[in-house]
Structure formats: structure tokens, C-alpha cells
Amino acid sequence: MLEMKPLRAIVLVLVVVVGQYASLASAAGPKVIIVGAGMSGISAGKRMAEVGITDFVILEATDRIGGRIHKTKFAGVNVEMGANWVEGVNGDEMNPIWTMANGTGGLNLRTFRSDFDNLARNTYKQEGGLYEEKLVEKIIKRTDEVEESGSKLAGTLHHSGQQDMSVMAMQRLNDHMPNGPSTPVDMVVDYYQHDFEFAEPPRVTSLQNTQPLPTFDNFGDDVYFVGDQRGFESVVYHVARQYLKTDSKSGNIVDPRLKLNTVVREINYFPSGVTVGTEDNKVYRADYVIVSASLGVLQTGLIRFKPQLPSWKIVSIYQFDMAVYTKIFLKFPKRFWPEGPGTEFFLYASERRGYYPVWQQFEKQYPGSDMLLVTVTDDESRRIEQQPDNQTMAEAVEVLRKMFPGKDVPEATEILVPRWWSNRFFKGSFSNWPIGVNRYEYDLIRAPVGRVYFTGEHTSEKYNGYVHGAYLAGIDSADILIKCAKKKMCKYNVKGKHD
Ligand SMILES: Cc1cc2nc3c(=O)[nH]c(=O)nc-3n(C[C@H](O)[C@H](O)[C@H](O)COP(=O)(O)OP(=O)(O)OC[C@H]3O[C@@H](n4cnc5c(N)ncnc54)[C@H](O)[C@@H]3O)c2cc1C
Ligand SMILES: *[C@@H]1O[C@H](CO)[C@@H](O)[C@H](O)[C@H]1NC(C)=O
Ligand SMILES: *[C@@H]1O[C@H](CO)[C@@H](O)[C@H](O)[C@H]1NC(C)=O
């Protein structure tokens, strides 16, 4: 209630500032600069091409398209350093990424439904050996019940966000565990249920905005692992090829409007247009710019905005969270882990929460590759990014030797540690919704500032953090720009906190 007036004032400012630029698009059609060629930037370009806006350039910092969807060769096979699953399948609505990956006329990518039903049989004690299945089953069942009451509770909270609480606060309410789950086995089940999805602990994640999660509520509970040698990035190429010139032999994108190895450092915006300065001292001019760099990048000073972005915009960017999720691949001279039905995923219950917790073996996806994947997040991710890979390898092998005391566990021969957090073009893996940020404040991340538009997974109306979120956000943000450029409707209405 207290905040009503200043918030209304902010909405008004938006409307006025954006509105006065309405009538300036040139008759020949506007020129647009897209910053970033990840899923959202490529999707925004496609949407503009569909309505006849073809005078654009896409400026991409790296030497490739795809952004946080990126395959790399490891131990002789292509594995995914970034996004790996199509999340939200077999529900009421069709996930657009699933349409591309598996649908008729799509890419027919090699995918595998991930089955987590056997975790109770695959949970290892800190000092080795399995927990009794019944015990872990009971913990999982209890956690599911707590989740369910959490979703119900979330539905009763006022949408102003003033009653929002952490997922952990909800756990306390339901389970009366003062510090949340605290034994190693309770912690690893909790980690699997939350951190493995959101890359941050329940202590910092918003209950109201993650339970239930629109991704699974709308698109279905299933997740499909993409194990295709063409890479998950095929979906980005699939969208790009629908409007960017492609070499018919190599399949490479050869469109001159796509400029790789081009790092944007400065965006100047005026009532009459924008200029964009790059690290190699080039200046691009346009009527509009649409920025798809990650939330983590926006939180750094990599791109300077002139004039400075208004404080409502800066606050909305700073108060949202960029999480870190790290997929560590290890190659061994031989296999020593269990194989067969129901063994794909296994958990390590350390007294140190989040210490090499979730493991996956690939007998189905990459047969004969003798490789394991272990996932860490958040503080562990940052710690591991900052240490040499041989240290990480030693830690992971030590954990495996503890898990399998009776087995001859050899040294790993190769390791892959992606460093999304250290990389100045990403600064993390995906956004996560913090406590107390309501939908109104979230919408401000997407809201345009003058002729500067914003897109990216972090601007997705319902699906932040996901590939489908990036894809749909690209369309939505392009539509906001198109409405202004074509119909002179440049007001962007952010709903008030209490609407
Ligand atoms: C490790 C990991 C695991 C994930 N797992 C999944 C999953 O299983 N399922 C799922 O759905 N999602 C997953 N995600 C999330 C998903 O990958 C992202 O939500 C999505 O790819 C983001 O697309 P985007 O276009 O918003 O951003 P990006 O892909 O980051 O695209 C932005 C582009 O902008 C470029 N850029 C940045 N700064 C500049 C600059 N100054 N100048 C020019 N260009 C710049 C970047 O190089 C990048 O190419 C995962 C992400 C990671 C990192
Ligand atoms: C994927 O596509 C195939 C072939 O069209 C189809 O048989 C299958 O049911 C699809 N899978 C899902 C989960 O939709
Ligand atoms: C990692 O390699 C460095 C340099 O070769 C070496 O000094 C260090 O002891 C190694 N660490 C481990 C844990 O093997």
C-alpha cells in the first residue's frame, strides 16, 4: 500500500518517455540492431523478418550463434555445455522447442526422456554404499507432499508480492525443520528437487513465482535430454535459417547481417535513433536497438548506456538473480558404475550440501563413451570455476571412490568444466526468481527505455530460465518493438503492482 504512489509515477514516466518517440520511424521501414545471437535474439530477428522488417544487423560477441546452447567435443562425442533438456513435454500445451526438436517437420533430434523415478535406489552415503531404498523413498514422498502444500499456499499469497516467502520458509511451515533439511540424505533430496532445477537453494528462491512452475504446469512434467551429435543448438540454427541466408552446401549461415566476433560496449539512445559502439571501434546507427545479452551481463558494465538507464530499470535488473549451474563431464578408462534400467541418475549425500551431488551416466545417450556428468551449482560452481581443473578432477574422483568403496575406481583421463559465470558474455547460466519481486517489478526488466528494447530468457513472461522462455521472449519483445515502429503505438504498459 505504502508504495502505491511512487510506483504509479514510474508507470507514468514510462508511458510519457516512450510515447514521445512515436512518429519517427522512416518510411523505408525502420533499421534495427539486435545485440546477441542466442535463442532470443535469433527469435526476435525472425519475428521482425515475418512482418517485413529486414533492415537489421545482429551483433554477436562470440564466433557463433546459440549463446547458452552450445555443444562441444569431449572424449570423442559432442556434449552440451549449456542447455541440455527440453523441459516441459507431454502436457496440455505444446512446448515450441519440442515442436522443433521432435515435431513433424522439425529436426527429429535424438532425445531421451529422463526418468528420475529410481533415485531412492541410487542414493549413496557420504562414506559409501547405498541408503536403504525405503528410507529415501519416504523422504522423497514427504518432500513431494511439502511441495504440494507449498503450491497451495503460494496460490493464496497476495500478488503484490508483499506476502511472498522463500521456498525454505514454506518448508519450515510445513515440516517444522528449523533450518530446512539438514542430514546428508535430506539435503541431497532437497538439492535434487530445488537446486538441480533452479541452480540456487530454496533459501533464496521465491515461493510465489516458482510453485507451481508455468513450464511444467502448461507444457507437462516430462523433460527430454538432447543427446544428438548435431547439438541442441540445432534449434537455434533451425530458427535462424528461416530468415538468414544460409549456404546450401555447408548449412552455414552466411547472411551479411549477422556480425560475429562483434562485442557491443556502448549504446547511445536519442529521441531520433540509436548508435551502438563496438569493441573494435565501429559505430552502427539504427532507429531501434534490441538487447538480448543475459541478465548477468546487464548487471556488469560491459555495455554502457548513454544516457544512463533510469533508476527503475537499473533496480529491476539488479534485484533479479543470475544463477550458476555447472555441468562437469569426466572421462574414465573404464566403467565402474552400475548400468541397466533405472541407473541413469544417482545422488551423493555429503554433509556439505551441494558437494558433487547429482550424477548421470550415459549408457543410452553416448554408448561406450565411459563418461559421467556431475552437476554443481551456485557457490560450488563459483568455487570450482576458480580452481584448476585437475583439482576438480581429484575431488570428483575422491567422491566416486567413496561412493564405490569395493570397486577399482581409476583416475579420470579427461575433464570438462564449463565456466559460464567467469565468461564476460554470460556471467552465469540462467535467471532465478528471488523472494519478494512481484510481477510488476519483473515486467520492468523487459520494458523498453526510449528506443532501447530488451529481450532474453530473463524477460520471458512465464518461462524465465529456459530455452523456450528465450524463444518466446524474442517473439514478444519483437512484437513490442513492431507495434511502435509500424503502428506508432509506443506506449508499453506495465501493470501496476495491485492490478
Ligand atoms: C549450464 C546451463 C544449463 C542449462 N540447462 C537448460 C536446460 O536443460 N533446459 C532449458 O530449457 N534451458 C537451460 N538453460 C537455459 C538456456 O540455455 C537459456 O535460458 C537460453 O539459452 C538463453 O537464451 P538467451 O537468448 O536469452 O541468452 P544467450 O543465449 O545468453 O544469448 C545472448 C547472446 O548475447 C551475446 N552477448 C552478450 N554480451 C554481448 C555484447 N556485449 N555484445 C554482443 N553480444 C553479446 C552472447 O554471446 C550470447 O550469444 C541452461 C543454461 C546453462 C548455461
Ligand atoms: C516424438 O516424435 C515421434 C515421431 O513423430 C512420435 O512418435 C513421438 O510420440 C514424439 N514424442 C513425444 C513425447 O511427443
Ligand atoms: C595440478 O597441476 C599442478 C600443475 O601441474 C600441480 O602443481 C598440482 O599439484 C596439481 N593438483 C592436483 C590436485 O593434482
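Just subtract the alpha-carbon distance of Asn118 and Ile314 from 0.36 nm times their residue separation and send over the number in nm, one decimal.
66.1 nm
Give me the one-decimal nm value for the distance between modelled label points at Arg335 and Lys73, 7 Å along each residue's Cα-to-Cβ direction.
2.4 nm
Please express the Cα-Cα pair-distance distribution P(r) of region 427-499 as a list of whole percents, one per 10 Å bin, running from 0 to the bin with the greatest distance.
Going from the shortest bin to the longest, the percentages are 19, 48, 29, 4.
Take the cross-link list Lys141/Lys327; Lys31/Lys306; Lys245/Lys487; Lys331/Lys462; Lys31/Lys491; Lys259/Lys486 and give me the ones stretching past 30 Å between alpha-carbons.
Exceeds cut-off: Lys331/Lys462.
Which order, highest average first, do 59-69, 112-122 follow once you tally other Cβ atoms within 10 Å for each residue and take the mean per peptide?
The densest-packed peptide leads the list: 59-69, 112-122.
Using r as the Cβ-Cβ distance of Arg419 and Glu351, and R0 as 30 Å, what FRET efficiency do you calculate, to the nearest 0.05?
0.65
When the chain is fully extended, how far beyond the present Cα-Cα distance does Lys152 get from Arg110, taking 0.36 nm per residue of separation?
Length gained, Lys152 through Arg110: 11.4 nm.
Starting from the Cα gyration tensor of region 153-254, take the square roots of the eigenvalues, sort them a ≥ b ≥ c, and report rounded, prolate or oblate (rounded when a/c is under 1.5, otherwise prolate if a/b is larger than b/c, else oblate).
Prolate.
For the chain, take the longest principal axis of its alpha carbons; what is the angle in degrees between that and the long axis of helix 467-487, to the nearest 10 within 0 to 90?
Roughly 10 degrees between the two axes.
Could you sort the peptides 367-375, 352-360, 31-39 by per-residue average Cβ neighbour count (10 Å cutoff), highest mean leading?
Values: 367-375: 18.3, 352-360: 20.3, 31-39: 27.1.
Put in order of decreasing packing, that is 31-39, 352-360, 367-375.
Provide, for q = 0.06, 0.10 Å⁻¹, the log10 of I(q)/I(0) from a solvent-free Debye sum over equal Cα point scatterers in the chain.
After summing over all Cα pairs, the log10 values are -0.29, -0.80.
What distance in nm separates the two pseudo spin-label positions at Lys134 and Asp175, each 7 Å out from Cα along the beta-carbon direction?
Modelled inter-label distance: 2.1 nm.
Apply the a/c threshold of 1.5 to the C-alpha gyration tensor of region 113-190 and tell me whether it is rounded, prolate or oblate.
It is prolate, given that a/c is not under 1.5 and a/b is the larger ratio.
Could you work out how far the C-alpha centroid of region 93-107 sits from that of region 144-159, in angstrom?
Each part reduced to its Cα centre gives a spacing of 31 Å.
Is region 26-74 best put as rounded, prolate or oblate by its Cα gyration tensor, with a ≥ b ≥ c the root eigenvalues, rounded for a/c under 1.5, and otherwise prolate when a/b is larger than b/c, oblate when not?
Details: a/c = 4.24, a/b = 2.52, b/c = 1.68.
Judged from the Cα gyration tensor, region 26-74 comes out prolate (a/c at least 1.5, a/b above b/c).
Counting pairs of alpha carbon atoms under 8 Å apart in space and at least six apart in sequence, what relative contact order in percent does the chain give?
On the way: 1001 pairs, mean separation 127.1, N = 499.
Computed value for the chain: 25 percent relative contact order.
Summing +1 for each Lys or Arg and -1 for each Asp or Glu, what net charge is found among the other residues whose Cβ lies under 14 Å from the Cβ of Phe112?
Spelling it out: positives minus negatives among the neighbours equals -4.
Once each part is reduced to its C-alpha centroid, what is the distance from region 372-415 to region 445-499 in angstrom?
Here the answer is 41 Å between Cα centres.
Mind checking the full-extension length gain between Arg304 and Asp408? Use 0.36 nm per residue of separation minus the Cα-Cα distance, one decimal, nm.
32.0 nm
Carbon and sulfur together cover what percent of the accessible area of region 165-284 at a 1.4 Å probe radius?
Ligands and nucleic acids excluded, carbon and sulfur give 50 percent.
In square angstrom, what is the accessible area per residue of region 66-219 with a 1.4 angstrom probe?
46 Å²
The values are calculated or read from the model by the stated rules, or taken from the named source; none is laboratory data. Every value quoted in this text rests on a predicted model; they were computed, and no experiment measured them. All Cβ positions, even for glycine, are placed from backbone atoms using ideal geometry, and neighbour counts span all protein chains on display. Only protein heavy atoms, including side chains, enter the accessible area calculation; ligands, DNA and RNA are left aside. Shrake-Rupley method; radii C 1.70, N 1.55, O 1.52, S 1.80 Å.
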